[in-house]
Amino acid sequence: MSSKKIGFPLKSDKPVLAGYLVFLIVLLLGAFIYWQRYRILHEERSREMRGIIQVIDNNISQVLKSSYSVALSQALLIGDNGEINDFEIKAKQLLEANPYLDAIQLVPNGVITHVYPMEENEAALNYNILQDETRNKEALRAIEENRMYFAGPFELKQGGLAVVGRLPVFIDEAFWGFSAVIIKFENFLKHAGFKELNSNDYKFQFSKVDPDTGNVTFFLDEDLSSDAYSEEILFTDGDWKIHIAPENEFVPFLSLLPLGVLFLFLAFWLKYRTIKVLKRPEKLQAMVDAQNIEIFNSNLRFKKIFNQAAVGMARMDTRTGTFIETNKRFRNFSGYSEKEIIGKNFRELSHPEDIEENQRLMQKLLQGEIKEYSLEKRAIKKNGTIGWIKLTVSPLWTPGQEPSDHIAIIEDITKSKEAELQLTKSYKVLVDQNERLVNFSYIISHDLRSHSTNIQSILDLYGMSELPEEKEHYVELLAKVTANLNQTLHHLNEVVSIQNSPNLKKETLDLQEFVNKTIENLSIQIREKKAEMIVEIPDGARVYFNSAYLESVLLNFISNSLRFSDENRKPVIEIRAIDRNGKWTLHISDNGIGIDLEKNMDKLFGLYKTFTNRRDSRGIGLLITKHQVEAMGGEIEVESTPGCGTTFKINFQ
């Protein structure tokens, strides 16, 4: 009589061998999964560190570029003969407009002769930087390379640890001295974002090679020398290095210990079960086969859903979209207990704007077009807060079967998303800063030089003229050129004051009231143009804005619609306010001459950029209006067609 057997022949040594083989396979599988997950956590940590240090990089770069702009503006006070004009007035204005700066200096021939504010820095007066061998190397480097170089941090003559940026100034290719800015080290760290980004997870260090000793000097109390990995960036403008490293490099390893223990336990348990099963009598073999199938299915389900304890997982009813079971990590993220989450629909935990994309991908999965899908979406937690997750969905049915249930794996990516919103914001600030620097450079290199050349030419002609009437004519020309120069400086000051006024008062304003007031102020121009005004602003339309800026913005846009109306048709100006999820957007539309945006979009809001041949076009109004709206946290959009009209949209914060 024979019987059917499964597995190894039932000899005393082979069940034990099979048990150890199962133990080894499960242990190796666990080690592989453990290592892969460790690499993922390690890479996620590295990405987060790179994101944080990039934010610091952007912040410091912005401080250095702004410091260069201040030093350059201060250098303009130096006359052609080396004299210094209006230092106290201009220095005070620059310091008030740039709160990250602590002092401004002018250093002719390396000697500090002008400093603001005086009270805190009087001890530095008459100090010769170039003769001090302990401090002159970085100053000489700035002269040699003919660029602004940031020395320090070091102890100032007047006391305190600070960074000093020195811009060498040359007159007729001869070295005149330095235009310098001082940033206290504590203030520098604050604006770089060290304190804001500091947490219990990471530690920072700020280092520099000492120009005298050649040794690396560390300025923060953190010790990064023993860390297994870190990230760093180099700033050539000051030869600084910024380092970031994890506070505890073993966190990824420790967080995965439960998973390792689980696999070790599972390996021992399967070894024990394998040996026990293979040692049973043949009469129990049929029962063993059934139990093996059940164990296999149970282990497979367990491994798919719960073995990856480092991510959230849920088994879902594909037909209804409800939760069948979830693991602990998923419940910790969502805030729901196991009893509360069972039976809930995935829509209850999804942001309304992300449901449609989720359903579209699920439909493709059901139709067999894709085998699985992943997407980034927003999840609504039990307490009402919103977190970002990466969702991966895999079906538990085989091709050809009726869809039943599926596995949903979630990874919390809220921190990386926030670091990405911060990087985007920092990039936009940097782009705006560069745009302003371009405008300032344009004025300095073109307009101011043009005015100064005209003044010099008129003075030369005046000196050569002997006729009184000719001299009187040259005096009149000189007055006109001087007036134009004054207007250019006024425009520049107006743009700068908008961007550097952080303490502007904001209040809740009635939009309809301000629009009606602006129309009343322009009533004479409206009657002269015979313009039709259409105003549709709902009651209760209120915005949080500065009142003076709102009056200026409305006056600029509405007066432009009147000024650039089409002479061949009656002007029609429509003003409408639309509620966009609790935020108001104001549309100002006209049927005027319009703007060719394909040619002019990149310079639409530039300084002294005009798009018509009208003599009353100055190219300053749109720039000022844009800066006023953005200073209040808003945005401006424009739609226009030549010959048809223009619509400006103001999106209020």
Notebook entry, point to check: In µm²/s, what is D for the range 54-210 at 25 °C and 0.890 mPa s, where D = kT/(6 pi eta Rh) by Stokes-Einstein and Rh is the Kirkwood radius from Cα pairs?
Noted result: 152 µm²/s
Check: How do Thr641, Thr217 stack up against each other in accessible area, from largest to smallest, with a 1.4 angstrom probe?
Finding: Thr641, Thr217
Notebook entry, point to check: Within straight cross-link reach of Lys530, meaning Cα distance under 25 Å, which lysines are found once same-chain residues fewer than 8 apart are removed?
Noted result: Lys517, Lys570, Lys649
Check: What is the extension gain from Leu17 to Asp596, computed as 0.36 nm multiplied by their sequence separation minus the C-alpha to C-alpha distance, in nm to one decimal?
Finding: 200.2 nm
Next item on the list: Name the shape class, rounded, prolate or oblate, that the alpha-carbon gyration tensor gives for the range 324-386, where a ≥ b ≥ c are the square roots of its eigenvalues, rounded holds for a/c under 1.5, and otherwise prolate holds if a/b is larger than b/c and oblate otherwise.
Entry: prolate
Note to self: Between Lys417 and Asp201, what's the calculated FRET efficiency when r is the beta-carbon distance and R0 is 25 Å? Round to 0.05.
What the structure shows: 0.90
Notebook entry, point to check: Considering only DSSP states other than H, G, I, E and B, which trypsin sites (Lys or Arg not before Pro) in the range 9-87 qualify as loop sites with at most 12 other Cβ atoms within 10 Å?
Noted result: Lys11
Notebook entry, point to check: Taking R0 as 25 Å, what's the FRET efficiency between Lys471 and Glu83 from their Cβ-Cβ distance, rounded to 0.05?
Noted result: 0.40
Next item on the list: Grab the Cα-Cα distance for Asn568 and Lys364, subtract it from 0.36 nm times how many residues apart they are, and report the gain in nm with one decimal.
Entry: 67.9 nm
Margin query: Which residues does the label zone of Arg319 cover in the range 335-376, counting backbone N under 13 Å from a point 7 Å along Cα→Cβ?
Written below: none
Margin query: For the range 309-370, what does the accessible surface come to per residue with a 1.4 Å probe? Please give it in Å².
Written below: 54 Å²
Next item on the list: Rank these by accessible area, largest first, 1.4 Å probe: Trp269, Trp388, Trp397, Trp240.
Entry: Trp269, Trp388, Trp397, Trp240
Check: What lysines could a cross-link reach from Lys279, if we take a straight Cα to Cα line under 23 Å and drop same-chain neighbours fewer than 8 places away?
Finding: Lys4, Lys5, Lys11, Lys14, Lys271
Margin query: Suppose the Debye formula is applied to equal point scatterers at every Cα of the range 516-607; what is log10 I(q)/I(0) at q = 0.13, 0.19 Å⁻¹?
Written below: -0.52, -1.04
Item checked: Computed FRET value (nearest 0.05) for Leu76 with Arg147, which takes r as the C-beta separation and R₀ as 22 Å -> 0.80
Notebook entry, point to check: What GluC sites (Glu not before Pro) does the range 327-397 have in DSSP loop regions with at most 11 other beta carbons within 10 Å?
Noted result: Glu369
Note to self: What is the distance in Å between the Cα centroid of the range 92-111 and that of the range 144-160?
What the structure shows: 13 Å
Check: Considering only Cα-Cα distances, which of the following residue pairs are longer than 19 Å: Lys344/Lys382; Lys90/Lys190; Lys65/Lys428; Lys506/Lys626?
Finding: Lys90/Lys190
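The values are calculated or read from the model by the stated rules, or taken from the named source; none is laboratory data. Computed from a predicted structure; not experimentally measured. With ideal geometry, Cβ positions are generated from the backbone for all residues, glycine too; neighbour counts draw on all protein chains shown. Heavy atoms of the whole protein, side chains included, go into the accessibility calculation; ligands, DNA and RNA do not. Shrake-Rupley method; radii C 1.70, N 1.55, O 1.52, S 1.80 Å.
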